[in-house]
Amino acid sequence: MIIIVSATGQAQETINDLRFVKSDQTFSAMASTGVFLEDIDADRDFDAVISNFGQSLVLKNDGAGRFVEVQQVESLHGVLVGDINMDGKDDLLSYPSTMIYLNNGRGEFKNIDNAAVRKSEQLDYCAHLVDLDNDDDLDVVTESVTGQLISWINDGSGQFKEGMFKLPANASFCDLNNDRAIDCIVRESKKQLVKTGGVEKWSDREGDVGYRLYLNDGNGRFEDFSFVSVPELVRSGNRWTWFFDFDNDGDMDIVFSDRESHLARILENDGKGNLRIGQSLTTVTYGKIGTGDLNNDEYIDLVITNRNEPAQIWINDRKGRFYDSGIRLEGNSLSQGCTIKDIDNDGDQDIFMIFYQRGSASIWYNQIVKDAYEY
């Protein structure tokens with residue numbers, strides 16, 4: 001790994017033909033929970049929505065990878081992005097107030113009242129946008145601080161009513177058996193968060209430790225299908241599980257981390273929803289993981305962000321394993337993950353990294369296409 005400071009003073013990270021340059025653009029330092037990169041104004045570049053505690057930010061891309069803040073959205077814990085009313089434009093869902101903001105097509109968002117979902121406010125710790133009933137629109141799942149889930153079914157226009165689906169606690173959602181119906185997978189850890197007398201605490205949990213998969217029958221009924229033992233899982237919660245097809249076999253695999261055992265590992269999917277333990281990656285501290293093809297070889301690579309440590313880039317060897325590139329992307333001590341997409345429209349994927357409380361979001365521009373042309 002080589003660290004370079006260019007004549008312009010820009011920090012750079014590079015290894016062989018993979019190189020990143022940090023943008024000099026700064027953003028408001030807020031307590032961020034995630035960042036979404038989507039084309040919200042239909043101008044063929046990726047705009048950004050930074051999900052924050054308090055006020056989330058809507059940023060428009062100028063087409064060259066620089067952003068202008070255009071709107072703030074009330075969000076006590078954050079926002080989600082998705083086409084809620086099926087008009088082909090990405091909308092916003094803030095939580096725990098569960099307010100819906102519809103996109104007018106120009107990347108401008110207007111709050112609409114949805115009393116049905118808003119009555120769940122006392123339960124919301126976070127939320128999910130997912131098609132539970134397989135009717136091609138996005139439903140809402142609200143989640144309590146202890147992981148209890150309630151479904152809200154979309155009529156296709158962005159109006160919701162409470163669903164009757166029985167959803168296991170602490171579930172994450174993805175189609176894991178390639179039947180085009182969203183399944184849910186539950187992290188069953190050694191400890192679980194419980195709330196007694198208004199006080200939240202971690203307590204020991206009895207039973208198997210690992211991931212349990214519930215398959216959707218296509219009508220929103222979830223049936224216990226498989227279990228993979230992961231004895232190292234200590235903390236429950238769905239915020240530490242990510243889905244991606246790392247081996248290019250057409251099904252979704254899993255990468256996860258555990259903030260107490262400091263584990264990061266792959267779970268390999270056989271395409272039917274049977275999972276097996278895969279490669280163990282690096283030691284992590286509150287590690288969150290971004291996925292994207294960083295070296296343009298059509299295989300998904302990883303960016304592993306850590307608290308109190310630089311982010312690490314792990315490259316897919318196209319044979320079913322990842323290796324540490326040695327590249328480290330500096331940030332502040334409270335990294336909250338990243339999203340990987342082509343921000344500056346130059347044909348390679350860049351990294352938009354966000355942080356919690358102590359610093360501005362940062363962008364790292366991938367130079368692999370630029371370097372190839374210059375060479």
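The table below gives the values:
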item	result
Label point 7 Å beyond Cα of R44 along Cβ direction - residues of the stretch 324-356 with amide nitrogen under 14 Å	345-347
Nonlocal amide H pairs with I327, under 5 Å, H built at 1.01 Å	I313
Over 32 Å between alpha carbons, listed pairs K288/K370; K22/K195; K22/K272; K89/K288	K22/K195; K22/K272
Separation in nanometres of the label points that stand 7 Å from Cα toward Cβ, at D249 and W202	3.3 nm
Length gained when the stretch N345-E162 is fully extended (0.36 nm per residue, less Cα-Cα span)	61.8 nm
Cα-centre dipole for the stretch 186-237 with unit charges at Cβ (Lys and Arg positive, Asp and Glu negative), debye to 20	280 debye
Phi to ³J(HN,Hα) by Karplus 6.51 cos²θ - 1.76 cosθ + 1.60 over the stretch 51-65, Hz, x for Gly, Pro	7, 10, 5, x, 10, 8, 10, 9, 10, 9, 8, 7, x, 10, x
Among [x] 23.6; [y] 21.4; [z] 22.9, the entry derived from the coordinates for Kirkwood radius over Cα pairs in Å	[y]
Computed over the stretch 159-262, Cα set: Rg, Dmax in Å	15.0, 48
Full-extension gain in nm, V68 to N111, via 0.36 nm per residue minus C-alpha separation	13.4 nm
Label-to-label distance, nm, for residues given as T146 and K195 (7 Å Cα→Cβ offset)	0.8 nm
FRET efficiency estimate (nearest 0.05) - Cβ-Cβ, M86 to D179, R0 25 angstrom	0.70
Rounded to the nearest 20 debye, dipole of the chain from Cβ charges on Lys, Arg, Asp, Glu	1620 debye
Long-range amide H partners of D83 with built H, under 5 Å	D91
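No lab work stands behind these numbers, since they all come straight from the coordinates. Since the model is a prediction, treat every value here as computed from it, not as a measurement. Here Cβ is always computed from backbone atoms with ideal geometry, including for glycine, and neighbour counts include all displayed protein chains.
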